[in-house]
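Structure first, then comments.
The values are calculated or read from the model by the stated rules, or taken from the named source; none is laboratory data. All of these numbers come straight from a predicted model, not from anything done at the bench. Neighbour counts run over all protein chains shown; Cβ positions are idealised from the backbone, glycine included.
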Amino acid sequence: MPIFDSYVLKSSCDEMFDREKKVKEPWKEVAQSLKSVGFEALQERQAEIDWLLEDNGVTYNVYNSIEGNTNRSWSLDPIPFVISELEWSEITKGLQQRAKLLNLILKDLYSEQKLIKENIIPAEVIFSHKGFSPEVYDFGLKKNFNLYFYATDLARGPDGKMWVINDRTQAPSGLGYAIENRLAMNVIAKELYPNIETKKLFSFLEEFKNMFKKFKLNEDSVAALLTPGPYNETYFEHSYLSSFLNIELVQGEDLLTKNGSLWLKNLGGLKRVDTLIRRVDDRYCDPLELKNSSKLGVAGLVDVMRQDNLNMINPVGSAILENIGLNPFMEKASQYFLNETLILPQIATWWCGQEKELEFVLENLDKLIIKRIDRTESVQVYFCKKMSETEKEDLKSLLLQSPNQYVAQEEISFSTVPYYADKTVEPRSATIRTFSLKSDDCYSVMSGGLVRVSSIKDALLVSSQKGGTSKDLWILGKEEKEINFVNMFENAKYSDTLINNLSTLKAENLFWLGRYLSRLITTTRFVLHIVKKMTNFYRYEGMISKESQEILQKALTHLTMTYPGFFSDENRKKLERNPMIEIASVVKDGSRAGSLSFTFSMLSNTNINLKDILAIDSTKVYEKMKKEWSGFAKKTTHSNISMANELERMLIYMLAYKGLVKESIYKEQGLILYDIGYNIESALLFISKARSILCWHVEKSVEYDILEGLLNSVESFNAYRAKYKSSLLLENVIEFLIFNRQFPKSLAYRTEELMRALKLLPKSKDSLSSYEKPMAEANLLLQSLNIKEMMKRNDNEALYFEFDNALTTLSELYIACSDEFSKTYFSHYDE
Amino acid sequence: MIYNIYHKTVFHYQSMVTFSHNITRLKPKELPHQKLLNFSMEIEPSVYESHAFIDMYGNSNKHLLIREPHQSLAVTGKSRVEVFPQIIVENIRKLKENSITYSEAIERLSKFNLEDLDAKQFLFESELIPTSSKAIQQYALESFHNERDMFEATNEFMGRIFYDFEFLSGFSDVTTPVEKIFKAKKGVCQDFAQFAISALRSIGLPAKYMSGYIETLPPEGQEKFFGVDASHAWFAVYIPNVGWAEFDPTNNIIPNGQHILLGEGRDYADIAPLKGVVQSSGSSYLSVIVDVKREEPLNKSPLEIQKNQSQSQSQMQIQTQW
């Protein structure tokens, strides 16, 4: 079946066809190509595009999670949106004019406010809008306060012209997707549309990169893209764009402000940020001066702007330009500042704060759409045509009560464009997002853009929600310069491998990944042992005594710091009768700090922050483990045996995850941080258990049980047997788990490991650093201790006093190491 | 009249803080009827860097970065302020004399007038005072009839708040919504001020939040103890073409010399005396000590002013770390 046979024109205006269904001039080649290849080839090309985009997702580590939620919000249609060179040059002029005008408005509103004082724009339109930031009221004339980057949504109106639909100024998105779309289309275009020549994106993107170069303060200063982080659904775009533009991708936590400037925290030290492009909305950029509850910004950012020490793209305050209430006054403002009429038409808009306009709106309500003007996001919209009489009356009284809060707009149907949907081509509405960049006094417009297509066949409006489909925008014509596309990625850096450049946020997460993983595994093993013993799992060894059970249970409370736990006087009877209640709570109660569920959720936080460092396999294992864990934690009843089985299963996941973490990243990339965290946590947890289990003199039979428990909980029973063969002796276990320098799980070994690892860090010096000193001391202590001496005890005392003292000192030294280490590397204490 | 004001605000943190950004607003505003004779600020622990600036509402702000490990941050402002009651009395007389009716005010505000532009910042909802319900609007309209004189209407409106609402500390905090205050008819000075502002804005009048101090007197025959005062809040309404008129609904008085203005804004958030962001774990709380002392002896019996304490307000964000 010929490809356009079922194409029925819906709106008054279609991009490809005129009213007689003749193909319009700019589309002739595309239409010809599509007719000649037919549906089958089109389907193949679509599959190819899908694969390319999917592959990008993998490259940038945004893959479909186990639950099947996709992190990709766009798909790409193989049919482009075509615009002729001639029409585009007119549109370009219009966009340049509008960008220039908006920048002048922005600077004026945050300085002299001539527009308000001379009655060009009503004060109400500005002050009622949430995008007006009083915090930056006098920043407008600062050198760095400019609308550097600007996105405009366009759509073709009934008169055949491109109209401005929206201005996006505070954190314009979509450029990353536009680039991605173009690269994917380049791959299929050679076969599908061999005879079409289009303008390239190259020069615009080069200009973007040059802007960062121009703003560079010194060799070491950097430009960065501020993202809300991996939880955000458009994180992929942030990641893609930042690597394309060769700038740092950062979250608020990666940054700090001091000396009136913005700094990027790296393991090697602080780096000055000279340029910040952001995907965080105005009000969320600074919890100190803007929205106090924001976790996405950096405290002190507004003050850095006040000192004029940052090129912010775009400055806080630019949300005011996304105000629909400005529309009716743009023409006047253009006359005022530029002495020009607006080139690009806008949707006719009436501000109800004026008497005549309000009258008109009230009389013509049925033809209009009413919008509140005070917000940038989730603007309240009333489609009057579809409203009941009572609803309309209510709206009228709202308009009369606070007219200055509302505008009315004409309801317009925009043009449709051919869209390939599963073996048919149908007309859909579309809007174009274009991008402009300030270079000196003028703006450059990208020769291309992101086209968004309405997701439902007959929808008039293009939804901006995720899950939409997109098209590439093709501007026909020859590129003046010949460009080799391959070179576009040429100076894109490889991910920084030097540990100095590892971001502090990542480093801290790696450190805590080590600590939480160790905590999770150690605690799981210990609980597992206790549960198994209770169920008489090791049948051949007989029942464990009540006394040893109690010692192990109390050790669990110490280990997890879930006090009062097994020390509770109140619940003593209950706990003796049924210790499983407390054990189940220590395992599953996520609201209880120290429980396994709690530790698990802490591990989850670190895991997601490390998504782009860890291998995909480890993330997959993690997702699976998380799902299993939440199923397990939801079950309310357990027999001891099923609890043991489930814990055993979880333990296997944990170990698999640990193995993948260890082998998928290399030392310089941050494994060192993970190792340090893992060793410190393991040492601390071991000391906690040792103090509960080894420091008290007990009967031989009890001693056997608890020594076995300790060895099992560090998975060292077999290794111990290999060395000592003989039955369990307290002195031998102590020698093995604390002093033995050949056994990787002993304290002495871990201490040496830590000393080695700490030496490899960027701030390491010839002399001992503050965080190395405690480890050197611990090492000396371990060398000087003598087991026999240490285990002397008065007959009337159960505690091995010397031994307990030594363990306490060691524990303090590990904590001191961790604290000093955190201060130096994570708090940038001395910088 | 000269007042000596001591205002100490302390943040207490549960765990050690090594890096904190703060903004303080403790330096009283200079006005035709209020002269700042002296001002000093003490900060403990020592400040790594600080930077002063004036905000859009004309208030003095100071940005402080602390990098020394600390578990509490204490900021003390000491001011010596001279208030000129004659100027205030004269202002009030002019306001009364030139005041216009409510409908005249609304009519004028709907037009462009250069003199009214600044006041229009205070017409709209703000962070702590969102657009109010119909019920609150109705409450305001009971005093504001079309032909009613603005000054008289506001005076009556203030009186109604004073009699309808119960002063009760502990019921509310800085986050308590105005609607809840209105329903319960309970609160402290800042609740009454914010309620009044909300109601006035709902009927189209610009209204602003006034933050400062008021002199309180001990019960007869007793000596006044140091630090028993509190920071105070009241409101001002804009009478177009005439100016801002201040009212104190907590005490049902038109401020005429006992009020010392610290600063003003759309609501409390614009003029909170201390706010900050720290990286720490655990919670924090705020304690406040305020003392207001008049230098010259009283020559006539002052207005009976209830010792109405405002609650301690904490504007602190703790960014949790593991």
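The table below lists the values:
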| quantity | calculated |
| --- | --- |
| Residue among B:Lys134, B:Lys62 that alone is among the basic types (Lys, Arg), out of contact with any Lys or Arg (no Cβ under 6 Å at 6 or more places or on another chain), within 12 Å of chain A (Cβ to nearest Cβ) and closer than 30 Å to B:Tyr285 by Cα | B:Lys62 |
| Helices (runs of 4 or more DSSP H) lying entirely in the stretch B:50-156 (those with 2 or more residues that are touching an Asp or Glu at 6+ places or on another chain (Cβ under 7 Å)) | B:102-109 |
| Test: A:Ser618 is in a helix (DSSP H, G or I) and out of contact with any Leu (no Cβ under 6 Å at 6 or more places or on another chain) | no |
| Breaking point among (1) out of contact with any Pro (no Cβ under 9 Å at 6 or more places or on another chain); (2) away from every other protein chain (no Cβ under 12 Å); (3) under 25 Å from A:Ile116 (Cα atoms), for A:Arg375 | (2) |
| Which listed residue, of B:Asn38, B:Asn22, is part of a strand (DSSP E or B), out of contact with any Cys (no Cβ under 8 Å at 6 or more places or on another chain) and either surrounded by 20 or more Cβ atoms within 10 Å (Cβ to Cβ) or in the same structural domain as B:Ala119 (by TED's automatic domain parsing) (or both) | B:Asn22 |
| Hits in the stretch A:315-333 - residues which are away from chain B (no Cβ under 14 Å) and either within 38 Å of the chain's Cα centre (by Cα) or buried (at least 17 other Cβ atoms within 10 Å of the Cβ) (or both) | A:Pro315, A:Ser318, A:Ala319, A:Leu321, A:Glu322, A:Ile324, A:Leu326, A:Asn327, A:Pro328, A:Met330, A:Ala333 |
| Flag if A:Thr275 is polar (S, T, N, Q) and closer than 26 Å to A:Ala178 by Cβ | yes |
| Residue tally, condition modelled with pLDDT of 85 or more and out of contact with any His (no Cβ under 7 Å at 6 or more places or on another chain), over the stretch A:230-249 | 12 |
| Residue in the stretch B:187-200 that is part of a loop (DSSP other than H, G, I, E, B), of a type outside the set (Gly, Ala, Ser) and more than 28 Å from B:Lys27 (Cβ to Cβ) present | no |
| The stretch B:100-121, residues that are touching a Phe, Trp or Tyr at 6+ places or on another chain (Cβ under 7 Å) and within 13 Å of chain A (Cβ to nearest Cβ) | B:Ala119, B:Lys120, B:Gln121 |
| Residue match in the stretch A:185-194 (condition: free of Cβ contacts under 8 Å to residues at least 24 places away in the same chain and aliphatic (A, V, I, L, M)) | yes |
| Residues located in the stretch A:782-814, provided they are surrounded by 15 or more Cβ atoms within 10 Å (Cβ to Cβ) and of a type in the set (A, V, I, L, M) | A:Leu782, A:Leu785, A:Met790, A:Met791, A:Ala806, A:Leu807, A:Leu810, A:Leu813 |
| Some residue of the stretch A:117-137 being closer than 21 Å to A:Asn339 by Cβ, part of a helix (DSSP H, G or I), more than 9 Å from chain B (Cβ to nearest Cβ) and not charged (D, E, K, R) | no |
| Evaluation of A:Tyr336 against (1) more than 12 Å from chain B (Cβ to nearest Cβ); (2) crowded, with 24+ Cβ neighbours inside 10 Å; (3) within 30 Å of B:Ser126 (Cβ to Cβ); (4) modelled with pLDDT of 95 or more (one fails), failing number | (2) |
| Test: residue in the stretch A:672-683 that is within 25 Å of the chain's Cα centre (by Cα) and aliphatic (A, V, I, L, M) | yes |
| Single match in A:Leu241, A:Leu225 (criterion: more than 14 Å from every other protein chain (Cβ to nearest Cβ), touching a strand residue (DSSP E or B) at 6+ places or on another chain (Cβ under 8 Å), closer than 22 Å to A:Arg283 by Cβ and crowded, with 17+ Cβ neighbours inside 10 Å) | A:Leu225 |
| Residues that are of a type outside the set (Ser, Thr, Tyr) and touching a strand residue (DSSP E or B) at 6+ places or on another chain (Cβ under 6 Å), drawn from the stretch B:71-90 | B:Gln71, B:Leu73, B:Ala74, B:Val75, B:Gly77, B:Lys78, B:Arg80, B:Val81, B:Glu82, B:Val83 |
| Residue check for A:Glu233: surrounded by fewer than 23 Cβ atoms within 10 Å (Cβ to Cβ), within 18 Å of the chain's Cα centre (by Cα) and more than 21 Å from B:Gln279 (Cα to Cα) | yes |
| The stretch A:147-178: number of residues that are assigned to a loop (DSSP other than H, G, I, E, B), out of contact with any helix residue (DSSP H, G or I) (no Cβ under 6 Å at 6 or more places or on another chain) and at negative phi | 8 |
| Hey, B:Phe167 touching a Ser or Thr at 6+ places or on another chain (Cβ under 7 Å), within 30 Å of A:Leu290 (Cβ to Cβ) and either more than 11 Å from every other protein chain (Cβ to nearest Cβ) or of a type outside the set (Asp, Glu) (or both) or not | no |
| Identity of the residue in the stretch A:348-364, surrounded by fewer than 18 Cβ atoms within 10 Å (Cβ to Cβ) and among the hydrophobic types (A, V, I, L, M, F, W, C), that ends up nearest to the chain's Cα centre (by Cα) | A:Ala348 |
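Residue by residue, here is whether (1) modelled with pLDDT under 80; (2) exposed (fewer than 14 other Cβ atoms within 10 Å of the Cβ) holds:
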{"position": "A:Lys10", "(1), (2)": "yes, no"}
{"position": "A:Glu25", "(1), (2)": "no, yes"}
{"position": "A:Ser36", "(1), (2)": "no, yes"}
{"position": "A:Glu40", "(1), (2)": "no, yes"}
{"position": "A:Ile49", "(1), (2)": "no, no"}
{"position": "A:Asn69", "(1), (2)": "yes, yes"}
{"position": "A:Ser73", "(1), (2)": "yes, no"}
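Conditions (1) closer than 21 Å to A:Arg283 by Cβ; (2) of a type outside the set (Phe, Trp, Tyr), marked per residue:
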position	(1), (2)
A:Leu95	no, yes
A:Leu106	yes, yes
A:Glu124	yes, yes
A:Lys130	yes, yes
A:Phe145	yes, no
A:Leu154	no, yes
